[in-house]
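What follows is a short report on a single structure.
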Amino acid sequence: MHIRDRVVELRRVPASQLKPNPANWRSHPKEQADALRGLLAEVGFAGAALARELEDGSLVLIDGHLRAETTGDQPIPVLVLDVTAEEADKLLATFDPIGAMATADAEKLEALLAEVSSSNDAVNALLASVAQDAGITTAVEEPEPAGQRTIPEKYQILIEFEDEQTQAQWLEKLTTEGLSCRSLIS
């Protein structure tokens, strides 16, 4: 089977210049938007939106509507595809659902989630939901209400700093020494 490569180029485009697809059938609840903002803050962009170029040179989204809505005028990575309007509609209808057809290997997911941490409550809620959907209850616990965080049972030291700059300096120093560290803000 010959598979065509429909990616023309990768562009970084201000999100506000991307046209939403009028046929977009996906809506984005607050929990999803909060989790996306948390991941963008902690990791940044790790994938590209998909778009097709119209005759006037503008780009209409196929995938990435929430990223575009979330980032305003900030440039985001966009894969520009050479597809017809009909092909774009087919991608719009199937892109997310085909990914959702994947199944979880609970053992691998549990091991992965045991290594993943976040300081963002929305990201932690997403991770807990992923674990719950896979039938895993021990890898990720529901986030605790703000102000009631507990330190997991591990050998840890909690150091309090007067300001964020000092905290950042010590975090860098300790991670340079090879220690597994993360910052907490209360």
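Quick look at the values:
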{"item": "Residue in region 26-45 that is touching a residue at least 40 places away in the same chain (Cβ under 8 Å) and in contact with a strand residue (DSSP E or B) (Cβ under 8 Å, 6 or more places away or on another chain) present", "result": "no"}
{"item": "Odd one out for T94 among (1) out of contact with any Ser or Thr (no Cβ under 7 Å at 6 or more places or on another chain); (2) free of Cβ contacts under 8 Å to residues at least 24 places away in the same chain; (3) crowded, with 18+ Cβ neighbours inside 10 Å", "result": "(3)"}
{"item": "Those residues of region 22-57 which are closer than 29 Å to N124 by Cβ and more than 17 Å from the chain's Cα centre (by Cα), in sequence order", "result": "N24, W25"}
{"item": "Hey, R37 under 22 Å from L91 (Cα atoms), surrounded by 16 or more Cβ atoms within 10 Å (Cβ to Cβ) and charged (D, E, K, R) or not", "result": "no"}
{"item": "When residues of region 132-150 are limited to those that are at pLDDT 60 or above and of a type in the set (S, T, Y), the one surrounded by the most Cβ atoms within 10 Å (Cβ to Cβ)", "result": "T137"}
{"item": "Looking only at region 58-78, and only at residues there that are among the hydrophobic types (A, V, I, L, M, F, W, C) and within 17 Å of the chain's Cα centre (by Cα), the one that is surrounded by the fewest Cβ atoms within 10 Å (Cβ to Cβ)", "result": "L66"}
{"item": "Some residue of region 120-131 being charged (D, E, K, R), assigned to a helix (DSSP H, G or I) and either surrounded by 10 or more Cβ atoms within 10 Å (Cβ to Cβ) or at pLDDT 75 or above (or both)", "result": "yes"}
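The values are calculated or read from the model by the stated rules, or taken from the named source; none is laboratory data. If you're wondering where the values come from, they're calculated on a predicted model, not measured in any experiment. As a convention, Cβ positions derive from the backbone with ideal geometry for all residues, glycine included, and neighbour counts pool all protein chains shown.
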